Amino acid sequence: MAPLITAEDKLKERIKELTCLYAISSYIANCNIEDINPTIQAIAISLKDAIRFPEDASVEILIEDALFKTGKAPVEKVFILSAIKTFNTPIGSIKIGYSESKYTANSFLNEEKQLLQKVALEIGNLLERKQILENEAITKRQIERTDRLAILGEITAGIAHELNTPLANILGYSELLKEQFLNNTEATNDLEKITNSAIYSREVVKKLMFFSCDMPQQMKLTNIVPIIKDAISLLKPNFIKKNIDCQLHIEDTNIPLRADAIQLTQVIFNLIINAVYFSPKNGLIQVFVKQSDKDIEIKISDEGKGIQTSNNDNIFNPFFTTKPVGEGSGLGLSVVHGIVKSHKGNIKHTPNVPKGTIFTITFPKN
């Protein structure tokens, strides 16, 4: 049993508690908000030293899934506990314990219980400050990205218009020259290369126009099932080339959505072509389409190498690509993102277990 406490002992304990609070305030004031773990561990140690019997005490601070502890940790123990809250929501706790064989619940002083509550409040305030700063940083990045995209949209619209005329001329004159060099195989092959390059460039211009929202939308209420089936059917040569199996799973034959059919086709095309590119030979691509009373969900999964965590924030940025130079313009996913957003929808990507990526698009019905 713990010995009785005298007035002198109470004074000593009070001094220890005040010293602890001062130390914790100092730790929090000098805390690196990006990495609070060392600060939480230091708080646990200071709290243990402030308890009446520190040599027999254990301190555990639990914050979500992270546990910080110091001191002895007996299997059976008596303890006091205080919740850690952020914005009035419990996210963890602080626990101080003694061995049950040596101490009882009466071994804790009321002042120690009050101290525990004060420390829990201080930790909660620190975590609230961390959340606020993180949210501010996210908001700032979103605003900066929106500003960059707005400026980029204006620039790309101008570029697209300027390139359209010369590209049309290149294609037209290439076709005329082919007729003049029908008997010259070498010249015909060179002209074919010019034509293919011009066609590729024209497709990039189209994507630029999609990205800059310079192509007017033709929004109509339509059944999207035939649109998705037709898009997949047109990509059969791509599947055959790599012996890829593309499976379509649709729960209903009629899924109405107010959408631009051409732009929706562009979305399906880009996502599946990407899936084909990154899929291994004999791979599997699956397309799931379902509807509820409120929305329509389209999922496209592949078995490729997946998206690296470091690329998560850039994957929908224009001109960002992980493909080799010359194999991708970096506009495909940004165009998809722009079209989905213009339809008031959302798009996200998640890992496909055990390998690959899943793109999920959600369109609201109303």
In region 72-120, the residues that are under 25 Å from residue 30 (Cβ atoms) and in contact with a strand residue (DSSP E or B) (Cβ under 8 Å, 6 or more places away or on another chain): 82, 84, 85, 91, 92, 93, 94, 96, 116, 117, 119, 120
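Conditions tested, residue by residue: (1) outside any loop (DSSP other than H, G, I, E, B); (2) modelled with pLDDT of 80 or more; (3) under 17 Å from residue 345 (Cβ atoms); (4) polar (S, T, N, Q).
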site: 259; (1), (2), (3), (4): yes, yes, yes, no
site: 264; (1), (2), (3), (4): yes, yes, yes, no
site: 269; (1), (2), (3), (4): yes, yes, yes, no
site: 272; (1), (2), (3), (4): yes, yes, no, no
site: 277; (1), (2), (3), (4): yes, yes, no, no
site: 286; (1), (2), (3), (4): yes, yes, no, yes
site: 297; (1), (2), (3), (4): yes, yes, yes, no
site: 307; (1), (2), (3), (4): no, yes, no, no
site: 318; (1), (2), (3), (4): no, no, no, no
Residue in region 69-80 that is under 41 Å from the mean Cα position of the chain (by Cα), open to solvent by 80 Å² or more (accessible area, probe 1.4 Å) and over 29 Å from residue 7 (Cβ atoms) present: yes
Residues that are surrounded by 14 or more Cβ atoms within 10 Å (Cβ to Cβ), of a type in the set (Lys, Arg) and at pLDDT 75 or above, drawn from region 191-241: 229
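Condition first: part of a loop (DSSP other than H, G, I, E, B) and surrounded by fewer than 20 Cβ atoms within 10 Å (Cβ to Cβ). Now tell me which residues in region 46-64 satisfy that.
Taking region 46-64 as the starting set, the residues that turn out to be part of a loop (DSSP other than H, G, I, E, B) are 51-53, 57, 64.
53, 64, listed by residue number.
Does at least one position in region 65-72 carry a residue that is part of a strand (DSSP E or B), within 14 Å of residue 123 (Cβ to Cβ) and not small (Gly, Ala, Ser)?
First, pick out the residues of region 65-72 that are part of a strand (DSSP E or B): 66-71.
Then drop every residue that is not within 14 Å of residue 123 (Cβ to Cβ), which leaves 66-68.
This time we only want the ones that are not small (Gly, Ala, Ser), so: 67-68.
Yes, there is a match, as at least one residue in region 65-72 is part of a strand (DSSP E or B), within 14 Å of residue 123 (Cβ to Cβ) and not small (Gly, Ala, Ser).
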Residue in region 297-318 that is more than 15 Å from residue 232 (Cβ to Cβ), among the hydroxyl-bearing types (Ser, Thr, Tyr) and in contact (Cβ under 8 Å) with a residue 40 or more places away in the chain present: no
Qualifying residue in region 113-134 (condition: modelled with pLDDT of 90 or more, part of a loop (DSSP other than H, G, I, E, B) and closer than 30 Å to residue 313 by Cβ): no
Lone qualifier among 121, 126, 62 - being among the aliphatic types (A, V, I, L, M) and under 21 Å from residue 13 (Cβ atoms): 121
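The values are calculated or read from the model by the stated rules, or taken from the named source; none is laboratory data. These figures come from a predicted structure and were not determined experimentally. We place every Cβ from the backbone using ideal geometry, glycine too, and count neighbours over all the protein chains shown. Remember, those area values only see protein heavy atoms, side chains included, never the ligands or the DNA or RNA. Shrake-Rupley method; radii C 1.70, N 1.55, O 1.52, S 1.80 Å.
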